[in-house]
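A quick write-up on the structure given underneath.
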Amino acid sequence: MIELKDLKKSFEDKAVLKGVSIVMNDGKCNLIIGSSGSGKTVLMKCMVGLLKPTSGNVLYDGADFVNLNDKEQKAIREKIGMLFQGGALFDSQTVEQNVMFPLDMFTTDKYSKKRERVKQVLDRVQLKEDAYKKFPSEISGGMQKRVALARAIVLNPKYLFCDEPNSGLDPQTSMVIDKLIHEITREYDMTTIVNTHDMNSVMEIGDHIIYMHQGEKEWEGNNKEIILSDNEKLNGFIFASEFLRDAKAMRTIQETGKIPENVQGGIKDAIEEKFNIDIDKDGHIGSPTKGNVPPKE
Ligand SMILES: Nc1ncnc2c1ncn2[C@@H]1O[C@H](COP(=O)(O)OP(=O)(O)OP(=O)(O)O)[C@@H](O)[C@H]1O
């Protein structure tokens, strides 16, 4: 289990994390969301030991990572798989060599055993054998992400950290990668932490969502609760994102017959157009809906 207790991180006099406490759900996808600069990356870096917190604890099964000796920290690092932003594949190595790299680094297994394991994980991310000898520049962005995911799980990690796994991908490919991350998390019984801007991901794989605002955990819940939440800051963030905004507008309109009062201007116009409805100046639905808002379940 990963638990953060009153985690603080400052750079000189700038407080970036202001006392964050979170218990990550075991065997689930834990998503960290929030505006740019809210501290998501710094939080993730503190969790994997790339940054030292100013104070507070990062506990792995109760052991405080920061206070462990080198050998103990290494033992935890070996249980961590990382999917870096952009994939971070080695350009001069083939797909197969990229995925084998962690096995070369951390095991003394024979080549045949390593090759078998590489095939296993590449099969799992649905990459066919004809891609094995290709270089990253010869495959698509989506395939590169699959390779990076295969490399992240090749050592069978207990914890998987994904930093913006959908950056640079189109929405359809993003969905495929999200699904893979979600399925693999369950199959391998991993605890997965995903840092994301992608609101489609929130709905697709958000077993546990942590919303960060200005260095603090402002809200947490799952992908059903986020739609119903009345946290103003979270809603401001959601309404700035088209996908969740539409889901939330739809639900609010169904339940109250109006859109939230604080949603005005361009966003109000976009919702009117999306759902083919008229909204009066007080936010009430002015004329009967023209059929685009699905009936209440
Ligand atoms: N090494 C550093 N030195 C000084 N300030 C830093 C450092 N790393 C991050 N920061 C600051 O910490 C704040 C939070 O940054 P962070 O990268 O965690 O944001 P984020 O939520 O991940 O944003 P994004 O979604 O844009 O990646 C920012 O104001 C950033 O400038």
The correct count of residues that are assigned to a helix (DSSP H, G or I) and under 13 Å from ILE153 (Cβ atoms) in the stretch 102-130 is 9
The lone condition VAL20 fails out of (1) within 16 Å of the ligand (Cβ to nearest atom); (2) modelled with pLDDT under 95 is (2)
For the stretch 146-166, check the following and say yes or no: at least one residue is in contact (Cβ under 8 Å) with a residue 24 or more places away in the chain, closer than 26 Å to ILE227 by Cβ and open to solvent by 20 Å² or more (accessible area, probe 1.4 Å).
yes
Going through the stretch 38-61 in order, the residues found to be without any contact (Cβ under 8 Å) to a residue 60 or more places away in the chain and open to solvent by 60 Å² or more (accessible area, probe 1.4 Å) are LYS45, LEU50, LYS52, THR54
If we keep only residues of the stretch 1-17 that are in a strand (DSSP E or B), within 12 Å of the ligand (Cβ to nearest atom) and of a type in the set (D, E, K, R), then the residue most open to solvent (accessible area, probe 1.4 Å) is LYS14
The condition of being open to solvent by less than 10 Å² (accessible area, probe 1.4 Å), within 16 Å of the ligand (Cβ to nearest atom) and among the polar types (S, T, N, Q) holds, among ASN98, ASN30, only for ASN30
Scanning the stretch 34-65 residue by residue, those within 11 Å of the ligand (Cβ to nearest atom) and on the phi < 0 side of the Ramachandran plot turn out to be SER35, SER36, SER38, LYS40, THR41, VAL42, LEU43, MET44, LYS45, CYS46, LEU50, LEU51
Filter the stretch 106-122 for residues that are open to solvent by less than 40 Å² (accessible area, probe 1.4 Å) and not β-branched (Val, Ile, Thr); the one that is nearest to GLN144 (Cα to Cα) is LEU122
| Condition met for SER137 (in a helix (DSSP H, G or I), free of Cβ contacts under 8 Å to residues at least 12 places away in the same chain and either touching a Ser or Thr at 6+ places or on another chain (Cβ under 8 Å) or surrounded by fewer than 16 Cβ atoms within 10 Å (Cβ to Cβ) (or both)) | no
Quick count over the stretch 197-219, residues being touching a residue at least 60 places away in the same chain (Cβ under 8 Å), acidic (Asp, Glu) and either under 20 Å from GLU255 (Cβ atoms) or more than 16 Å from the ligand (Cβ to nearest atom) (or both), is 1
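The values are calculated or read from the model by the stated rules, or taken from the named source; none is laboratory data. What you see is a predicted model, and the numbers here were worked out from it, not measured in a lab. FYI the Cβ positions are ideal-geometry reconstructions off the backbone, even for glycines, and counts take in every protein chain you see. Just so you know, the surface numbers come from the protein's heavy atoms only, side chains and all, with ligands and any DNA or RNA stripped out. Shrake-Rupley method; radii C 1.70, N 1.55, O 1.52, S 1.80 Å.
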